[in-house]
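K.L.:
Quick one: this structure, given as structure tokens, is what I'll be asking you about.
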Amino acid sequence: MRVGRTRGQQWSGWALAIVGAPALTVVLLPLRGSLNLVSDALLFLVVSVAVAIVGGLAPSLFAAVEGALLLNYFFTVPIRTLTIEDPNNAVALIVFTGVAATVSGAVGLVARHRNRLDEAEANEAILTQANSLRTALLAAVGHDLRSPLAAAKASVSGMLSPDLDLAADDQRELLETADEALDRLAALVANLLDMSRLQTGSLAIDLEPSDIEEALTRARKEVGPAPVRVLLPTELPSVLADPGLLERILANVLANAVRFSPDGIPPRVHAEAIDQSVEVRVIDHGPGVPADQLERIFAAFQRMGDNDPSTGLGLGLALSRGLAEAMGGTLLAEPTSGGGLTIVLSLPQADVIKTGEPGTREREDRRA
């Protein structure tokens, strides 16, 4: 927040100061016989106050002096001279100038004080948000980053222990455990870095026509062996997206759906072209989320009651929404009919149509 006015506001104040009093003079001249000097002075005072509100103290003081001169020249006897015949009129003009200057100064002071209060409130809000984010980050790091580190450390320590005579299968199992833990750690760190880049606007994005089916195939490999039903139309437009980031979004959303889907009811993926966009719906029949808390699932470090540290920092959906919006799309959540959660990814079409036989193709993969 700023304390002073912008250059544009200052110029607006000066413009109003220069034009306002002369314009008021033109309006009042035909009424010179109907209004007395006090009434005229009050109207000029309104102009000065308006200038103070718009442009601050300096232009309002100029408007006050300008108004006093115009009052003297056009409305004070003798007319069209700067001399003042009646001492009462001289006192009225002096009082007008003083009041205009005082009111202008007071208005400017109030405006500066208000801006300082706004700045203080904004800084307090930023500090509160930063403290909340720091607390959440420390809690997440304490639980989630420490877990894969501890697993990798334990596995490597077991391999190096001189007191253990491990068989080849045991050694391989420890190595696989360490490898899996380090993969989880790398993914967690990557999410943190990408979230940081998103917030600072430094994440590189290379938009190009991207195929939804290809991105889904790669994303499903990341998710693992869990079954996922995919139903895609045989003619589906490509989307304008960064292929790598599109894969990240789909992998995060699919992993979330798989995690909460009950046994025997795998998540489903539907896609369709709507107007100039392509919508991808990832549907699960898990416990779902209350309607009034749907937006909370996109908050950083928010896992909505998921206390399993192996599931990550709670950045997946927050990062996915940020990536979608950075590519000109949206990521929303809505309740699944019959219970569960549906995540809807919408991206603009790239006007590249993948042709094929009309209809819908369905696959269910169980990949390791």
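The values are calculated or read from the model by the stated rules, or taken from the named source; none is laboratory data. The shown structure was predicted, so the numbers you read here are calculated from the model rather than taken from an experiment. So basically every Cβ, Gly included, is an ideal-geometry build from the backbone, and we count neighbours across all protein chains shown.
Residue-wise test of (1) part of a helix (DSSP H, G or I); (2) within 25 Å of Ala106 (Cβ to Cβ).
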| site | (1), (2) |
| --- | --- |
| Leu24 | yes, yes |
| Val27 | yes, no |
| Pro30 | yes, no |
| Gly33 | no, no |
| Leu45 | yes, yes |
| Phe62 | yes, yes |
| Asn72 | yes, yes |
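K.L.:
Output the residues belonging to region 201-223 that are of a type in the set (D, E, K, R) and outside any loop (DSSP other than H, G, I, E, B).
P.N.:
Narrowing region 201-223 to residues of a type in the set (D, E, K, R): 206, 208, 211, 213-214, 218, 220-222.
Passing the criteria: Glu208, Glu213, Glu214, Arg218, Arg220, Lys221, Glu222.
K.L.:
Considering Ala271, Ala226, Ala251, Ala255, which residue is assigned to a strand (DSSP E or B), touching a helix residue (DSSP H, G or I) at 6+ places or on another chain (Cβ under 7 Å) and surrounded by 15 or more Cβ atoms within 10 Å (Cβ to Cβ)? Quick ask: steps written out before the conclusion?
P.N.:
Numbers: Ala226 fails: assigned to a strand (DSSP E or B); Ala251 fails: assigned to a strand (DSSP E or B); Ala255 fails: assigned to a strand (DSSP E or B).
Among Ala271, Ala226, Ala251, Ala255, only Ala271 is assigned to a strand (DSSP E or B), touching a helix residue (DSSP H, G or I) at 6+ places or on another chain (Cβ under 7 Å) and surrounded by 15 or more Cβ atoms within 10 Å (Cβ to Cβ).
K.L.:
List the pairs whose first member sits in region 281-295 and is closer than 9 Å to Pro335 by Cβ, whose second member is in a loop (DSSP other than H, G, I, E, B), and whose Cβ atoms are under 7 Å apart, counting only residues at least 6 apart or on separate chains?
P.N.:
Note: pairs meeting the criteria are Gly288/Thr336; Gly288/Gly339; Gly288/Gly340; Val289/Met304.
K.L.:
I would also like to ask the following. Tell me the residue from Leu182, Leu174, Leu240, Leu216 that is touching a Leu at 6+ places or on another chain (Cβ under 8 Å), surrounded by 15 or more Cβ atoms within 10 Å (Cβ to Cβ), more than 30 Å from Ile283 (Cβ to Cβ) and at pLDDT 75 or above, please.
P.N.:
From the options Leu182, Leu174, Leu240, Leu216, the qualifying one is Leu174.
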